[in-house]
Amino acid sequence: MAMILDAGRFDRAQRSLMRTATYRAGKYVESRIRIQIKKAPYTPNASLTTAIKGSTKPLVDHADIWKAITTSRVDPNTVFVGVLNTALGPDGKRLVNITAVIHDGFAIPVTKKMRGLFHVLWLATTGKMDPAQLTGRAAEIYSRLNGRAVIQRLKPSTTTIVIPKRPFIRDVFEDQAVRAAVMKYWEDAYDRAVRARP
């Protein structure tokens, strides 16, 4: 009786199983990110955002971020899980990554133009101005309000608008239960490769 030991065969089986396990682990993490968006107790939306969306729930509007969460292979043993920023402006430069702004938070300096925008919205939503006179961004925001709210003018003391951080991806990656689940995918794949060896 003889037994042929083929290390290469084991290595091939291990590579194949680990590649599959890594992708499955990525899809698992992707699903956990979606759960995090739905359930996390992040700072509720500000009044203007709530008025526009009709909801205090952050991160869920037209499901743009929800749909943009993806898992894609980087190489046989690595996957990317998150939101790609591939949007380019008319000049070919990458646009602001709105997901990063929402995820990490951001402080927006109040400009004269921004203050004016809030002022005309206040005039229109309080009946002091005919909404038909609104143009551009003011008209767009007013149409989204759908009569749900009165927009307040910015106080002279308001010099910054803060978007609070809502780290829905980082929170998942730092969750020890998620890390343990990912490790289990890899451990199970390795065990299957060992059991499949000649």
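Please treat every number below as a calculation from the coordinates, not as lab data. Worth saying up front: this structure is predicted, and the values here are computed from it rather than measured. Neighbour counts are summed over all protein chains in view; Cβ atoms, including those assigned to glycine, are modelled from backbone coordinates with ideal geometry.
Annotations for the structure displayed:
- Taking amide H as placed 1.01 Å from N in the peptide plane, Gly82 has its amide H under 5 Å from the amide H of Thr70, each at least 5 places away in sequence or on another chain.
- Here the extension length gained between Ala180 and Arg73 equals 36.4 nm, from 0.36 nm per residue of separation less the Cα-Cα distance.
- Sites Arg170 and Ala107 - FRET efficiency at Förster radius 25 Å, r taken between beta-carbons, to 0.05: 0.85
- Overall form of segment 117-198 per C-alpha gyration tensor (a/c, 1.5; a/b vs b/c): prolate
- Mean Cβ count within 10 Å, highest first, over the residues of peptides 184-196, 100-112: 184-196, 100-112
- Here the extension length gained between Thr43 and Leu84 equals 12.4 nm, from 0.36 nm per residue of separation less the Cα-Cα distance.
- Straight-line cross-link partners of Lys38 among the lysines, defined as a Cα under 30 Å from its Cα and at least 8 positions apart when in the same chain: Lys27, Lys53, Lys57, Lys67, Lys165, Lys184.
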